[in-house]
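Computed from the coordinates by the stated procedures, all read-outs in this text should not be read as laboratory data. Because the structure is a prediction, the values reported are computed rather than measured. Backbone-built Cβ (ideal geometry, glycine too); neighbour counts: all protein chains shown.
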Amino acid sequence: MSDARTDAELATELESLSLELAQRLDRKADLAKDDPVASDEIFVEAGNVYAVLRAASERMRDLRERLDRSVRGKP
């Protein structure tokens, strides 16, 4: 992965993309409220997005904990 974009730019892009995706899924859910098949597809898609974002969040939490331990001199 190239370092052409800064970490802050990537974080801003991630925030923007996650908001856009949430809004898109909300709109789809509103349109599919009377269609159980479409609702199920959106449910699965939302679950997949949730899993990806949760995994990314956990990796960042672990990184922060590791950095905190290293600053405090703990292994």
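Computed quantities for the displayed model
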{"read-out": "Tally, over region 3-38, of residues that are part of a helix (DSSP H, G or I), polar (S, T, N, Q) and exposed (fewer than 12 other Cβ atoms within 10 Å of the Cβ)", "value": "2"}
{"read-out": "Cβ-Cβ under 9 Å pairs, at least 6 apart or on other chains, region 60-75 side over 19 Å from ALA11 (Cα atoms), far side surrounded by 10 or more Cβ atoms within 10 Å (Cβ to Cβ)", "value": "LYS74/ASP68; PRO75/ARG69"}
{"read-out": "Region 39-60, residues that are within 29 Å of ASP7 (Cβ to Cβ) and exposed (fewer than 13 other Cβ atoms within 10 Å of the Cβ)", "value": "GLY47, ASN48, TYR50, ALA51, VAL52, ARG54, ALA55, ALA56, SER57, GLU58, ARG59, MET60"}
